[in-house]
Amino acid sequence: MRLVLLICLIGLTGCATQVETLMSNRGSEAERINSRIRWAQELIQQGEYEQAKRPLTQALSINDHSKDANNLLGLVFQQQGEHALAETYFRKTLAIAEDFSPAQNNFGIFLLLQKRTAEACKHLAKAASDHLYERRLQALENLAICYRADDNLEVAEATFKQVVRLNPNAGTALLELGDMAFSRKDYGEAFQLFNRYAELVNRKRFEHSAKSLWLGIRLSREGRDPGKAATYALLLKNLYPDSAEYQYYKESRQ
């Protein structure tokens, strides 16, 4: 939590007062829990996962069935590599509130990273089906990625297209659709989708990833544009030298 830590060092009294206010025992049960949840969220956003445990465990001491506190603890333990504990807290959250879409989404991502794709897609589908979930678009995108990882390519492509219909500037979906089009040798569609993604990069809405640069290299080769291919290759080498995509590029030159 670098920014808040600097504020504490500069004005220790003010910072201590702020923490005491957030962690106050005054107010209703819901207010006391919410103050600790807000403080934990600030810590998590700054990557201070260990410190976030304190307000979260205090929230659970007030009400062990706080879905927000259990969900955030699952996220904290996931980030710390404590996978068994993360799963325990995600499952506990969903036992308390099965329709809690943030936990369905978070648990789905957790399972996807564990390569448990069939389970992951079920949870992500539940989050994505909640039309009032404020992060439904991200859940849909996660679901499409899950379907692709599970080799359910038709449904994955349809879901990515749904994301783009809802948000034409959904960079991840555009890139994935371009990569899928390239894989089936539909180079015209792949060029079109990649160019839309590249325009978002030019507008600083996204940054090139190893995946996008590798796709750019291959499309430039198909378009017989060695200069652009070389530019993308140099970016890939400089930005992502340890990536699988850079290894693919080196192998493609042999």
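Scoring Asn195 on the criteria (1) within 25 Å of Lys115 (Cα to Cα); (2) out of contact with any helix residue (DSSP H, G or I) (no Cβ under 8 Å at 6 or more places or on another chain) leaves a single failure, condition (1).
Yes/no matrix, rows are residues, columns are (1) closer than 28 Å to Lys228 by Cα; (2) at pLDDT 95 or above; (3) hydrophobic (A, V, I, L, M, F, W, C):
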{"position": "Asp151", "(1), (2), (3)": "no, yes, no"}
{"position": "Val155", "(1), (2), (3)": "no, yes, yes"}
{"position": "Arg203", "(1), (2), (3)": "yes, yes, no"}
{"position": "Ala210", "(1), (2), (3)": "yes, yes, yes"}
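Does segment 52-63 include one or more residues that are modelled with pLDDT of 95 or more, within 30 Å of Ala144 (Cα to Cα) and among the hydroxyl-bearing types (Ser, Thr, Tyr)? Looking for residues that are modelled with pLDDT of 95 or more, within 30 Å of Ala144 (Cα to Cα) and among the hydroxyl-bearing types (Ser, Thr, Tyr), one finds none in segment 52-63, hence no.
The requirement of being buried (at least 18 other Cβ atoms within 10 Å of the Cβ), modelled with pLDDT of 95 or more, more than 19 Å from Lys67 (Cβ to Cβ) and touching a helix residue (DSSP H, G or I) at 6+ places or on another chain (Cβ under 8 Å) is fulfilled nowhere in segment 104-111; no residue meets it.
Just need a number here: residues in segment 132-144 that are touching a residue at least 24 places away in the same chain (Cβ under 8 Å) and either over 14 Å from Lys161 (Cβ atoms) or not in a helix (DSSP H, G or I) (or both).
The initial filter retains those residues of segment 132-144 that are touching a residue at least 24 places away in the same chain (Cβ under 8 Å), namely 133, 135-144.
Okay, now just the ones that are also either over 14 Å from Lys161 (Cβ atoms) or not in a helix (DSSP H, G or I) (or both), so 133, 135-136, 138-139, 142.
Residues meeting the conditions: 6.
Test Glu141 against the stated conditions and say whether it is surrounded by 15 or more Cβ atoms within 10 Å (Cβ to Cβ), under 15 Å from the mean Cα position of the chain (by Cα) and closer than 27 Å to Asn195 by Cβ.
On the way: surrounded by 15 or more Cβ atoms within 10 Å (Cβ to Cβ): yes; under 15 Å from the mean Cα position of the chain (by Cα): yes; closer than 27 Å to Asn195 by Cβ: yes.
So Glu141 passes the test.
Look through segment 10-51, keep the residues that are of a type in the set (Asp, Glu) and farther than 25 Å from Gln80 by Cα, and return whichever of them is modelled with the lowest pLDDT. Explain how you work it out, then say what you get.
Start the filter on segment 10-51 by keeping residues that are of a type in the set (Asp, Glu), which leaves 20, 29, 31, 42, 48, 50.
When the remaining residues are screened for being farther than 25 Å from Gln80 by Cα, the result is 20, 29, 31.
Details: Glu20: 43, Glu29: 89, Glu31: 93.
Once the filter is applied, the top-ranked residue is Glu20.
The values are calculated or read from the model by the stated rules, or taken from the named source; none is laboratory data. Nothing here was measured: the structure is a model prediction, and the numbers come from that model. Don't worry about glycine lacking a Cβ; one is built from the backbone with ideal geometry, like all the others, and counts go over all protein chains shown.
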